[in-house]
Amino acid sequence: MRAGEHKRVVITGLGVIAPNGNGVANFEAALRKGQSGIKSQESMIEAKFGCTVAGTPEGVDELCDATFGADELMAMNMNHRYASLAAIEAWKDAGLVRPAHDSEEVDWQTGAILGTGIGGMDTIAGKVVPLTNAGKIRRMGSTAVEQVMASGISARISGQLALGNQVTTNSSACSTGTEALSMGLERIRAGLADRMLCGGAEAASHYIWAGFDSMRVMNRGSNEAPEKASRPLSASAGGFIPGSGSGVVLIESLESALERGAHIHAELAGSGVNCGGHRMGGSMTSPNPTSVQRCITDALADAGVRPEEVDAINGHLTATGADPKEIGSWSRALGRGPGELPPITATKSMIGHALGAAGGLEAVASILMVEKGFVHPSINCEDVHPEIEPHASSIPHELREMPDMKVLVKAGFGFGDVNACLVFKRYES
Amino acid sequence: MEQSEVMERVVKILTPWVKDEGALAKVAMETNILEDLKVNSARLVDVVIAFEDDFDIEIADEDVDQVNTVGDAVNLISGKL
């Protein structure tokens, strides 16, 4: 099979729990307005963080009480709650019905690849470590393991939706959610599943963020102005702002979607996944620019899309020193110089860097943009970074309506020198 | 504490884990916690922790092994108050 001639895979369901809006409709409205979800965090102030702001979803407990039983909630930490809410929204959005708990039917053709970067750290820090250190092992109860095991989120969702295909959790740092969609795409293309719930989740926990603060890679200079703190592409970017939440996408073979008469949001036309091998400028914490460019060109080739056909980019763009290098990589990979790059936007400017959830959340944003023909504003970069200035015309400071948009490319790059790139196309029958 | 009050509190503690609400509605001393109320056996350790917290008692692992019915739990707890 030649590149671009694979079995077609489409997106039929979207779900999101985000710092600037829970549910797809609220999230889309916030993206269009350029609405920040970054807020001051008491837990970070008390623990004497340098950066004391973060993106955290609000109103999650109320949503959980309305969605899950009391016994389920006792075994669901924040990571489980975010992932489950997003997955169930995606499931319903796809026109599927949540099975009854007492039904014995299993959906053998649907699986889940839901990733996380750091996992159940709130349970580890809040329960496992203190109770173990205090010699109170038996008081940990029965739910600690399922909340700290990496696969806990995908396992939880398989039980809620009776999924019988592959159910697993991937982890590749900040490219986790993006990689999850690529893995699901490959499974459906291989004919091993009809539908896969893919994406990522990350809890809001200062225990997760502490190590990054110690590395001094989080912005310490905007604590008094939380909504201005996440500044990708900006000359005054001082590091990333941690985020949290979950974005989940239901991807499906085109045949299955058509047979069900499902609404199709967009097509997942191709993907690329690779690693820079910690060589050629890459390391545990820096990307090898050659591998980044290869990842992008691999994804385009897989999708059968030429570089000049790319209408918009949703970058990784975290607001660290890697932003100028990333813009350079996009420019070289697409062979499009200053003034020629398509609009390139940073969802993280509004929600922060949600780590293992970033790819899932930003995939939902990307799919909404390609389906509805717009590019959301990239906020807080009025002062474009001098090394990015030649590409300034490609940065949307305001909402850009692009009714003719056909192709949007989304990438995620992570610690470990790992990369993942997705090519979304507007669906055409 | 009256046995009826212990029973009331035991049932209230068990409620979030009960899968068969019909059985809960007609709960009695002889109601089996796992077979009738359909409480997941893995969650029994959480139920015992909740008993300990609510009644401010300690329940040994070997005592837990003897608890099958709601009445077993009520009698075990009553004996420790």
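Applying the selection to segment B:28-52, what residues are assigned to a loop (DSSP other than H, G, I, E, B), of a type in the set (A, V, I, L, M, F, W, C) and facing chain A (nearest Cβ under 9 Å)? Before the answer, list the steps.
First, pick out the residues of segment B:28-52 that are assigned to a loop (DSSP other than H, G, I, E, B): B:28-31, B:33-40.
So of that shortlist, the ones also of a type in the set (A, V, I, L, M, F, W, C) come out as B:28-29, B:33-34, B:37, B:39.
Matches in segment B:28-52: B:Val39 only.
Results for (1) modelled with pLDDT of 95 or more; (2) within 14 Å of chain B (Cβ to nearest Cβ); (3) surrounded by fewer than 18 Cβ atoms within 10 Å (Cβ to Cβ), shown as yes or no for each residue.
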| site | (1), (2), (3) |
| --- | --- |
| A:Val97 | yes, no, yes |
| A:Asp102 | no, yes, yes |
| A:Glu105 | yes, no, yes |
| A:Gln109 | yes, no, yes |
| A:Thr116 | yes, no, no |
| A:Gly120 | no, no, no |
| A:Lys127 | yes, yes, no |
| A:Thr132 | yes, no, yes |
| A:Arg138 | no, yes, yes |
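I'd like the residue in segment B:33-51 that is in contact with a helix residue (DSSP H, G or I) (Cβ under 8 Å, 6 or more places away or on another chain) and surrounded by fewer than 16 Cβ atoms within 10 Å (Cβ to Cβ) and, out of all such residues, is farthest from B:Val10 (Cα to Cα).
Pass one, segment B:33-51, residues in contact with a helix residue (DSSP H, G or I) (Cβ under 8 Å, 6 or more places away or on another chain): B:33-34, B:36-40, B:43-51.
Next, from what is left, pick out any that are surrounded by fewer than 16 Cβ atoms within 10 Å (Cβ to Cβ): B:34, B:40.
Details: B:Leu34: 14, B:Asn40: 16 Å.
Taking the candidates together, the pick is B:Asn40.
Identify, please: which residue in segment A:166-184 is in a helix (DSSP H, G or I) and either touching a Pro at 6+ places or on another chain (Cβ under 7 Å) or not acidic (Asp, Glu) (or both) and is, among those, surrounded by the fewest Cβ atoms within 10 Å (Cβ to Cβ)? I'd like the intermediate steps shown before the answer.
Within segment A:166-184, the subset in a helix (DSSP H, G or I) is A:176-184.
From what's left, either touching a Pro at 6+ places or on another chain (Cβ under 7 Å) or not acidic (Asp, Glu) (or both): A:176-178, A:180-184.
Working: A:Thr176: 31, A:Gly177: 38, A:Thr178: 34, A:Ala180: 35, A:Leu181: 33, A:Ser182: 25, A:Met183: 19, A:Gly184: 29.
The residue in question is A:Met183.
Among the residues of segment A:330-348, what is the count of those that are surrounded by 16 or more Cβ atoms within 10 Å (Cβ to Cβ) and in a loop (DSSP other than H, G, I, E, B)?
6
Looking at A:Thr290, is it of a type in the set (Val, Ile, Thr) and free of Cβ contacts under 8 Å to residues at least 40 places away in the same chain?
Working: of a type in the set (Val, Ile, Thr): yes; free of Cβ contacts under 8 Å to residues at least 40 places away in the same chain: yes.
Answer is yes for this residue.
Select from segment B:8-27 the residues that are over 20 Å from A:Arg139 (Cβ atoms), more than 9 Å from every other protein chain (Cβ to nearest Cβ) and outside any loop (DSSP other than H, G, I, E, B) and write down the one among them that is modelled with the lowest pLDDT.
Kept after step one, since they are over 20 Å from A:Arg139 (Cβ atoms), are these residues of segment B:8-27: B:8, B:11-12, B:15, B:18-27.
Of the ones still in play, those that are also more than 9 Å from every other protein chain (Cβ to nearest Cβ) are B:8, B:11-12, B:20-27.
Then drop every residue that is not outside any loop (DSSP other than H, G, I, E, B), which leaves B:8, B:11-12, B:21-25.
Values: B:Glu8: 96, B:Val11: 97, B:Lys12: 97, B:Glu21: 90, B:Gly22: 93, B:Ala23: 94, B:Leu24: 94, B:Ala25: 95.
If we take residues in segment B:8-27 being over 20 Å from A:Arg139 (Cβ atoms), more than 9 Å from every other protein chain (Cβ to nearest Cβ) and outside any loop (DSSP other than H, G, I, E, B), then B:Glu21 is modelled with the lowest pLDDT.
Working carefully through the options A:Ala87, A:Ala25, find the one that is more than 14 Å from chain B (Cβ to nearest Cβ), under 25 Å from A:Ile188 (Cα atoms) and not polar (S, T, N, Q). So that I can check it myself, show each step before the final result.
Details: A:Ala25 fails: under 25 Å from A:Ile188 (Cα atoms).
Only one candidate passes the filter, namely A:Ala87.
Could you please find all residues in segment A:96-139 being of a type in the set (D, E, K, R) and free of Cβ contacts under 8 Å to residues at least 24 places away in the same chain? First the steps, then the outcome.
Filtering segment A:96-139 down to residues of a type in the set (D, E, K, R) leaves A:98, A:102, A:104-105, A:107, A:122, A:127, A:136, A:138-139.
Selection gives A:Asp102, A:Glu104, A:Lys127, A:Lys136, A:Arg138, A:Arg139.
Would you be able to tell me the number of residues in segment A:47-95 that are in contact (Cβ under 8 Å) with a residue 24 or more places away in the chain, surrounded by fewer than 20 Cβ atoms within 10 Å (Cβ to Cβ) and either touching a Pro at 6+ places or on another chain (Cβ under 7 Å) or farther than 28 Å from B:Ile13 by Cβ (or both)?
7
(1) in contact with a Pro (Cβ under 8 Å, 6 or more places away or on another chain); (2) within 14 Å of another protein chain (Cβ to nearest Cβ); (3) of a type outside the set (Asp, Glu): which one isn't true of A:Ser36, the others all being true?
(2)
The values are calculated or read from the model by the stated rules, or taken from the named source; none is laboratory data. This structure is a prediction, so every number in the text was calculated from the model and none was measured. Glycine also receives a Cβ, built like all others from the backbone with ideal geometry; neighbour counts cover every protein chain displayed.
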